[in-house]
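S.K.: I am attaching a structure below and will ask some questions about it afterwards.
FYI, it's all coordinate maths here, none of it is from the lab. Fair warning: this is a prediction, and the values are worked out from it, not measured in the lab. When we count neighbours, we look across all protein chains shown, and the Cβ atoms used for this are built from the backbone with ideal geometry, even at glycine.
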Amino acid sequence: MGSVVLSLDAELAWGFHDHADLPDERVSSARESWLRLLELFDEFDVPATWAVVGHLMLDDCDGDHRDHPTEDGWFDRDPGTWERRDEEWYGSKLVDAIEGADADHEVGSHTFSHVEFGHTTREIAAAEMREAVEIAEDRGLTVDSVVFPRNYVGHRDVLAAYGVKSYRGVQPRRWYDRGLLGSAAKLLGWPTGLVSPTLVTPEVDEYGLVNIPASLYLFCFEGRARSLVEGVTGDPVVTMAKRGIDRAASEEGVFHMWLHPNNLTDDRDFDRMRAILSHLAEVRDRTPLKVQTMGEIAADLKDDEPLPREPIGPR
Ligand SMILES: [Zn+2]
């Protein structure tokens, strides 16, 4: 038997601050969705891994990040205020809510300010990890798991140096992830027999980090196409997620689903999550299937011996 992992990229406005325009609907609904998701996870007693942007762990800041080596302008949208005033840029209370939930969630990191690690310097990556780890430690948290912004994997040695134990790797690409044939498969509701969900195998990489690749992005099929299909075959993402959960209950491997709280902007998005979580809880309760956090998967795979920690640069 295998296990199921759910990870979330928790970022509010920081997920888009380097874009010309912020997607208003996603940003403005993100806090409420974050809290409603926590309620859903509690209802089904499902723990998740919340990869939180470090800046969100603050309840205020002065907007002055000049000692951070990112290029000029990177923090221009940071209002330099406090959470009640600009709640899209600070999330200290939301992190409190994760920690206060009944489900045993893990708080991981999504870097300090959502820098794409695949496209940045080692110096910037180190500063991002240093600040993220320090802010987490100020709250009494450790950063064991990281989700890379926009899934651009990079500077893994820096993660290892800061004591990180696991990261979410890139989802193995399947034929149905691309092209016309892939779109057709989704439109047909991912027909059984043709489309099998991806179970992944966590592996220790050359830096001693456990790579837990993604299996399924839960908001990979949206917009008009989704509306069209939902009316005919039901929500294809729910179909695929249930199939992945069933497979993990009978085979070795990990079924790793992921999403952003800001993906949920509509009631039908919560219906999707409720359908998936209720199936997950039902299968977990009657089979040996485990629901685990990224940190638990890493701990299972590695010895208890802690990694040597060599912080880069001043603290
Ligand atoms: Zn700031």
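S.K.: Mind checking Rg over Rh on segment 79-170, alpha carbons, Kirkwood formula for Rh? Could you put the intermediate results ahead of the total?
M.R.: On the way: Rg = 13.7 Å, Rh = 14.0 Å.
Reported Rg/Rh, Kirkwood definition of Rh: 0.98.
S.K.: Calculate the radius of gyration of the Cα atoms of the chain to one decimal place, then report Dmax, the largest Cα-Cα distance, as a whole number, both in Å.
M.R.: Over the chain's Cα set, Rg and Dmax evaluate to 19.1, 58 Å.
S.K.: What's the extension gain from GLU203 to ALA299 if we count 0.36 nm per residue and subtract their Cα-Cα distance? Let's see the in-between values first.
M.R.: Working: separation 96, 0.36 × 96 = 34.56 nm, distance 1.19 nm.
Additional length available on full extension: 33.4 nm.
S.K.: Between ASP64 and ASP157, what's the calculated FRET efficiency when r is the beta-carbon distance and R0 is 35 Å? Round to 0.05. List each step's numbers first, then the result.
M.R.: Values: r = 29 Å, r/R0 = 0.83.
Here the calculated transfer efficiency is 0.75.
S.K.: For LYS186, go through the lysines and keep the ones whose alpha-carbon is under 25 Å away, minus same-chain ones fewer than eight residues off.
M.R.: Qualifying lysines at Cα under 25 Å: LYS242.
S.K.: Setting aside same-chain residues fewer than 8 positions from LYS302, which aspartates and glutamates have a Cα under 15 Å from its Cα?
M.R.: Once the sequence-local aspartates and glutamates are set aside, what remains near LYS302 is ASP144, GLU203, ASP205, GLU206.
S.K.: Give me P(r) over segment 195-288, computed from all C-alpha to C-alpha distances, binned every 10 Å, as integer percentages.
M.R.: Histogramming segment 195-288 at 10 Å steps yields 15, 43, 30, 11, 1 percent.
S.K.: What trypsin sites (Lys or Arg not before Pro) does segment 174-265 have in DSSP loop regions with at most 10 other beta carbons within 10 Å?
M.R.: Working: sites: ARG174, ARG178, LYS186, ARG224, ARG226, LYS242, ARG243, ARG247; in loops: ARG174, ARG178.
Sparse-neighbourhood loop trypsin sites (Lys or Arg not before Pro): ARG178.
S.K.: Run the quick spin-label model on THR142 and TRP82: label points 7 Å from Cα toward the beta carbon, then report their separation in nm to one decimal.
M.R.: 3.3 nm
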